[in-house]
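The values are calculated or read from the model by the stated rules, or taken from the named source; none is laboratory data. Since this is a predicted model, take the numbers as computed values, not measurements. Note: ideal-geometry Cβ built from the backbone for every residue, glycine included; neighbour counts use all protein chains shown. Protein only, heavy atoms only, side chains kept; ligands, DNA and RNA dropped before computing areas. Shrake-Rupley method; radii C 1.70, N 1.55, O 1.52, S 1.80 Å.
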Amino acid sequence: MLIKPVSSSQKKDFDRLATHPLQSWAWGEFRQKMGQKVARFGIFKNQEMIGSFQLFFHQVPHLPFSVGYFPKGPMPTPLMIKTLKKVGQKNRAIFIKLEPNVIKSQKSIHQLADKSQKSKLGLTPGKPLFTRHTMIINLEKSEEELMAGFASKTRYNIRLAQKRGVKIVEDNSQKGFEQYWRLMEETTKRQKFYAHNKTYHQLMWQEMNRAGIAHLLRAVYKKETLAAWILFAFNGVLYYPYGASTRRHQEVMASNLMMWEAIRLGKSLGCKKFDLWGTPGPDPEPDDPWFGFHRFKMGYRPEIVEFIGTYDLVLRPVYYQFYLCDDKIRWQFLRLKA
């Protein structure tokens, strides 16, 4: 087995083997445009690429160091960790955060962790950026089977939206993006959570849509856009990473119809699963800020799955402790600002 850097001429194989949209070549192009350094690798056996992964390095302000992020990649192996250490040292990284796209199981736990604080691979449990749980809808069922499996209230709301004349349209234009961003600004102010700025969303949308991964849906009622979602379709899986809505005309249940049409879109694209991009957990408390969204998603009767978790590969232990303190203060400031 051999791990080595890949070039743009190997882009097709790289994407075919990538484990998640955040491991796609297009996502790497987006991160580069946001000022991060991208390191891409192929895993080879007998000259054949059998796996791929990428990670990103963000420069720490006012310091000659960076922080690495390896989102939603494959299960790390000793050879991968050796490669990460080497590229991390080259980029003067304090640490590299790993969030494998690996479902928790007895096998995955055995591969990664033992009873000590650190894993077998020298990884330290870290602060998550992704939620540890997500929800999966099985798109291999027929539309009739899926609809029959939804909660009765969810089925009622879908049909109500249809009856009221709500229309779901795919709009991959700049005008469609502007509608999405207007609602995103409204949503973040209303719900008081931190979100990336317009430049981030604009560049993300451009790169992922150009690659054929991103699809923008709008829920329209009487010529007004009530909700807008950006979906990713990648390697047989549909994902729901971004959504925004207005409180106007809540009585027409536009978001319920949006989810149903997203499911139908995923099936038309040949996707076998619909990853709803996270949940606080199987049983969040009613005062959890994401409880309402969790309850909305549960109406579609998804399966809740748990990932193996978040780990830090620490390369500079002293600076790592300073970074953790600074990061805690920064997030407290962002929450207050939101």
Failed item in (1) surrounded by 15 or more Cβ atoms within 10 Å (Cβ to Cβ); (2) modelled with pLDDT of 90 or more; (3) not hydrophobic (A, V, I, L, M, F, W, C), with Gln111 passing the rest: (2)
Picking from Ile158, Ile137, which residue would you name as being modelled with pLDDT of 95 or more and assigned to a helix (DSSP H, G or I)? Ile158
Residues of region 209-228 being without any contact (Cβ under 8 Å) to a residue 40 or more places away in the chain and within 17 Å of the chain's Cα centre (by Cα), in sequence order, are Asn209, Gly212
Within region 1-58, track down each residue that is open to solvent by 30 Å² or more (accessible area, probe 1.4 Å) and part of a loop (DSSP other than H, G, I, E, B). Met1, Ser7, Thr19, Met34, Gly35, Gln36, Asn46, Gln47
What tally of residues in region 22-41 results from selecting those that are on the phi < 0 side of the Ramachandran plot and out of contact with any Pro (no Cβ under 8 Å at 6 or more places or on another chain)? 13
I need every pair where a residue in region 284-307 that is farther than 19 Å from Ala151 by Cα has its Cβ under 6 Å from the Cβ of a residue that is among the β-branched types (Val, Ile, Thr) and loosely packed, with under 14 Cβ neighbours inside 10 Å, sequence separation at least 6 or different chains. Val305/Ile103
Within the bounds of region 219-226, is there any residue that is surrounded by 15 or more Cβ atoms within 10 Å (Cβ to Cβ) and on the phi > 0 side of the Ramachandran plot? no
I'd like to check something: does region 90-108 contain any residue that is touching a residue at least 40 places away in the same chain (Cβ under 8 Å), of a type in the set (Ser, Thr, Tyr) and either crowded, with 19+ Cβ neighbours inside 10 Å or closer than 30 Å to Val220 by Cα (or both)? no
How many residues does region 170-208 contain that are part of a loop (DSSP other than H, G, I, E, B), surrounded by fewer than 17 Cβ atoms within 10 Å (Cβ to Cβ) and over 18 Å from the mean Cα position of the chain (by Cα)? 3
Quick check: anything in region 141-152 among the basic types (Lys, Arg), open to solvent by 30 Å² or more (accessible area, probe 1.4 Å) and touching a Phe, Trp or Tyr at 6+ places or on another chain (Cβ under 9 Å)? no
Of the candidates Leu231, Leu257, the one satisfying the condition of being within 17 Å of the chain's Cα centre (by Cα) and either buried (at least 22 other Cβ atoms within 10 Å of the Cβ) or within 20 Å of Tyr156 (Cα to Cα) (or both) is Leu231
Please list, ordered by first then second residue, the pairs with beta carbon atoms under 8 Å, 6 or more apart or interchain, first in region 244-255 and farther than 11 Å from Ala219 by Cα, second assigned to a strand (DSSP E or B). Arg248/Glu224; Arg248/Leu226; His249/Tyr221; His249/Glu224; His249/Leu226
Looking only at region 130-140, which residues are under 17 Å from Lys104 (Cβ atoms) and either open to solvent by 70 Å² or more (accessible area, probe 1.4 Å) or touching a His at 6+ places or on another chain (Cβ under 9 Å) (or both)? Arg132, Met135
Looking at region 76-89, which of its residues are touching a helix residue (DSSP H, G or I) at 6+ places or on another chain (Cβ under 9 Å) and open to solvent by 30 Å² or more (accessible area, probe 1.4 Å)? Thr77
Go through (1) buried (at least 20 other Cβ atoms within 10 Å of the Cβ); (2) within 22 Å of Leu231 (Cα to Cα); (3) modelled with pLDDT of 95 or more and name the single condition Pro302 misses. (1)
